[in-house]
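Asks: Below is a structure I'd like to ask you about.
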C-alpha cells in the first residue's frame, strides 16, 4: 500500500456509531503550511463519511469521483468503492493520484487506494497516513479495554498519534454516523 506523509485519518466502528477522525496539519516538505485543514467530508446526502491522506487536489478529485459513483449506484458504498478503485487503477490520469481514502457508511468501512485496493478491516478499526499505525494501535487498545464510544476513541487515538508523529497535529476533526 502507498505510504503517505502528512496526515492521519482513523475510522472506528463501535456500538451504534462509526466515527472518522483526522488531524488538521498540512505539510509542504519539512514545513507546516496549515494547521486546521478539514480532511473529512460527508458525501451522498450525508450518509457516507470520507477521509483522505495525500495530495489535496488529488483527494478532491477522488471525493468527486466517489460522489458520482454513489449517485450512480444509489448510495451502495461497496459497489461504488469497487468501481472507483477499478477506475482509479486503470485510468491513465487517475492512477497518478497520490492519495488514500477511508470511506464509511452506517454498515461498512473501506480503505481505498490507487492500487485497486478496497479493504475492509476485520476489527472495525482502520487508519491511513503517516500517523496511521500509531492511531490504529491506540484505537484498537481502547476498543478492547474501555467502554468509550467510537467518537471518543477516534479523537483520543488521534491525540496519541499527534504526540508521536511529526506529520500529525492535535487539531482534530471527528465526524460520525449513527445507526
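The values are calculated or read from the model by the stated rules, or taken from the named source; none is laboratory data. Every value quoted in this text rests on a predicted model; they were computed, and no experiment measured them. Cβ coordinates were reconstructed from backbone atoms using ideal geometry, including for glycine residues, and neighbour counts include every protein chain displayed.
Asks: Specify which of the listed residues (84, 77) is closer than 22 Å to residue 13 by Cβ, crowded, with 21+ Cβ neighbours inside 10 Å and in contact with a helix residue (DSSP H, G or I) (Cβ under 6 Å, 6 or more places away or on another chain).
Replies: 84
Asks: Same structure again: Where in the range 1-68 are there strands (runs of 3 or more DSSP E), lying fully within it, with 1 or more residues that are under 19 Å from residue 127 (Cβ atoms)?
Replies: On the way: elements: 8-14, 17-22, 26-28, 31-34, 40-43, 48-54.
In the range 1-68, the matching strands (runs of 3 or more DSSP E) lie at 8-14, 17-22, 26-28, 40-43, 48-54.
Asks: Can you tell me which residue within the range 43-74, out of those that are over 23 Å from residue 129 (Cβ atoms) and either at pLDDT below 95 or out of contact with any helix residue (DSSP H, G or I) (no Cβ under 6 Å at 6 or more places or on another chain) (or both), is surrounded by the most Cβ atoms within 10 Å (Cβ to Cβ)?
Replies: This residue is 68.
Asks: To continue, here is another question. Somewhere in the range 20-30, is a residue over 21 Å from residue 6 (Cα atoms) and without any contact (Cβ under 8 Å) to a residue 60 or more places away in the chain? Lay out the reasoning, then the answer.
Replies: Our first condition is that a residue be over 21 Å from residue 6 (Cα atoms); within the range 20-30, this holds for none.
No - not one qualifying residue is present in the range 20-30.
Asks: Name the pairs: first residue in the range 130-143 and over 17 Å from residue 7 (Cβ atoms), second residue surrounded by fewer than 22 Cβ atoms within 10 Å (Cβ to Cβ), Cβ to Cβ under 7 Å, at least 6 apart or on different chains?
Replies: Between residues of the range 130-143 that are over 17 Å from residue 7 (Cβ atoms) and residues that are surrounded by fewer than 22 Cβ atoms within 10 Å (Cβ to Cβ), the close pairs are 140/123; 142/148; 142/156; 143/14.
Asks: Pick out the one residue from 115, 171 that is out of contact with any strand residue (DSSP E or B) (no Cβ under 8 Å at 6 or more places or on another chain) and either surrounded by 21 or more Cβ atoms within 10 Å (Cβ to Cβ) or at pLDDT below 95 (or both). Can you show your working first?
Replies: On the way: 171 fails: either surrounded by 21 or more Cβ atoms within 10 Å (Cβ to Cβ) or at pLDDT below 95 (or both).
Sole residue among the options that is out of contact with any strand residue (DSSP E or B) (no Cβ under 8 Å at 6 or more places or on another chain) and either surrounded by 21 or more Cβ atoms within 10 Å (Cβ to Cβ) or at pLDDT below 95 (or both): 115.
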